[in-house]
Amino acid sequence: MFFLYNLVVQLTGFLLKIVALFSPKIKMFVDGRKSVFDTLSQKISASDKTIWFHAASLGEYEQGLPVMEQIKEHYPNHKIVVTFFSPSGYEVRKNNTVADATVYLPLDTKNNAQQFLKLTHPELAFFIKYEFWPNYLNELKKQNIKTNLISGIFREKQSFFKWYGGFYRDALKNFNYFFVQNERSKKLLQSIGFNNVKISGDTRFDRVVSILERDNALDFIAQFKNNTLTIVIGSSWPKDEELLLNYINQADANVKFIIAPHNIKPEQIQELKKKITKKTVLYSEKENQELAEYQVFIIDTIGILTKIYSYADIAYVGGGFGNPGVHNILEPATFGIPIVIGPNYSHFAEATALVNMEGCISIANQNELHQAFDLLVQNEDERYEKGHICSTFVQMNKGATKTILNHIRP
């Protein structure tokens, strides 16, 4: 089976080089991996002690960040190596301050795994949430490097739990410990013979709780808001915007909107702006503007949405009309803001919980969106109550990082 797997990986690597000629994203994926070993040679010496974290993309990085920060604090003499599989994670966080070296993870071949571990020689390795690369895991096991999965989540549909999943079940044997988010994940692992499992919860709660302790001030957002009720629309997709624009264009003048689209390509931003009948300003055009005079603020940049949520009275989080579903609702939740989302959220435990607790409202069509926003705009008590549910939920679920660190530290 390993022979077939390695053959597929090699073939995939070849095909990706061809696709990269036509796809800018795949080109980043391919080109970014060309310099990985040179970068590691420059940043990590043979005498360095290191700890390795692997994140599939941006969401997993943010999920693992609380653990990275605590590991850095408790192991000050170790260098931190962070790897990404996806360009959407690497390109946004390649200049992070927690890691001493941040690179793409080379494709999962035996030679790549051996070379990577030779250069990084980690004492500990952490995989965040998922991504199970057999060659890397095998080499970690061979070299007796303790390997942990953090914020893991497992579902019945995964191949580990099917009759044909023996190859990937074997890969799981290379983990020393699984820190999982919920009881269901623990029971699934136990059903296939793994008892080295602890329910730690989701480290994303620790991540968003820590946001409250930071400076979230943005003067230009305060100027725009100007003490006016403001709805922040985060990570919106076209399907979200079809409904939202109808509401925005009909909204009273005493409500303002901040839109931070998922995709910030200039042509799509301009198309979005054209469809809005309210006075609208872009982040890229905000200089020397009287921002308080505008009703809609489009954020055509990345990296500041979390801080913007701190100014929201109501949040709409996008993605809920697509697949796999809604984006991160914990960031607005931690600020005690009522949240509105689309109908596709069942794969996200925190969204499901907050909808059931009525801190979050799920809408499926134009009429439901109007009803949800009207309720929250017109009723201050509803805003307060639903926001309180959200912030309390976040606070009650923090602590996963502490659980993991208490188990790992000698």
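Looking only at region 64-72, decide whether some residue is farther than 27 Å from Ala400 by Cβ and either loosely packed, with under 13 Cβ neighbours inside 10 Å or in contact with a helix residue (DSSP H, G or I) (Cβ under 6 Å, 6 or more places away or on another chain) (or both). Checking region 64-72: not a single residue is farther than 27 Å from Ala400 by Cβ and either loosely packed, with under 13 Cβ neighbours inside 10 Å or in contact with a helix residue (DSSP H, G or I) (Cβ under 6 Å, 6 or more places away or on another chain) (or both). If we scan region 370-393, do we find a residue that is surrounded by fewer than 16 Cβ atoms within 10 Å (Cβ to Cβ), closer than 20 Å to Tyr311 by Cβ and among the aromatic types (Phe, Trp, Tyr)? Yes, the conditions are met somewhere in region 370-393.
Has region 117-127 got at least one residue that is within 22 Å of Lys49 (Cβ to Cβ), among the hydroxyl-bearing types (Ser, Thr, Tyr), in contact (Cβ under 8 Å) with a residue 60 or more places away in the chain and crowded, with 21+ Cβ neighbours inside 10 Å?
yes
Listed here are the residues, each with its yes/no results for (1) open to solvent by less than 20 Å² (accessible area, probe 1.4 Å); (2) within 30 Å of Lys256 (Cβ to Cβ); (3) acidic (Asp, Glu).
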residue	(1), (2), (3)
Leu172	yes, no, no
Lys186	no, no, no
Asp206	no, no, yes
Leu212	no, yes, no
Ile221	yes, yes, no
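Any residue at all in region 215-226 that is acidic (Asp, Glu) and closer than 25 Å to Phe335 by Cβ? Checking region 215-226: at least one residue is acidic (Asp, Glu) and closer than 25 Å to Phe335 by Cβ. Checking each residue in region 317-349 for being open to solvent by less than 30 Å² (accessible area, probe 1.4 Å) and either of a type in the set (S, T, N, Q) or touching a Leu at 6+ places or on another chain (Cβ under 6 Å) (or both) picks out Thr334, Pro338. When region 97-137 is filtered for residues that are at positive phi and either more than 18 Å from the chain's Cα centre (by Cα) or assigned to a strand (DSSP E or B) (or both), only His121 remains. If only residues of region 96-112 that are under 26 Å from Gly13 (Cα atoms) and either aromatic (Phe, Trp, Tyr) or free of Cβ contacts under 8 Å to residues at least 40 places away in the same chain (or both) are counted, the one that is most open to solvent (accessible area, probe 1.4 Å) is Asn111.
Of all residues assigned to region 204-222, at least one qualifies as being under 22 Å from Val180 (Cβ atoms) and small (Gly, Ala, Ser). Elements of the type helices (runs of 4 or more DSSP H) sitting completely within region 179-258 and holding at least 1 residues that are out of contact with any helix residue (DSSP H, G or I) (no Cβ under 7 Å at 6 or more places or on another chain): these cover 183-191, 219-225, 238-250.
Conditions tested, residue by residue: (1) at pLDDT 95 or above; (2) under 23 Å from the mean Cα position of the chain (by Cα); (3) not basic (Lys, Arg).
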site: Ile192; (1), (2), (3): yes, no, yes
site: Asn195; (1), (2), (3): yes, no, yes
site: Arg204; (1), (2), (3): no, yes, no
site: Ile211; (1), (2), (3): no, yes, yes
site: Leu218; (1), (2), (3): yes, yes, yes
site: Ala222; (1), (2), (3): yes, no, yes
site: Ile231; (1), (2), (3): yes, yes, yes
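The values are calculated or read from the model by the stated rules, or taken from the named source; none is laboratory data. Keep in mind that this is a model prediction, so the values were computed, not measured. Glycine gets a Cβ as well: all are built from the backbone with ideal geometry, and neighbour counts include every protein chain shown. Areas reflect the complete protein model, heavy atoms only, side chains present, ligands, DNA and RNA absent. Shrake-Rupley method; radii C 1.70, N 1.55, O 1.52, S 1.80 Å.
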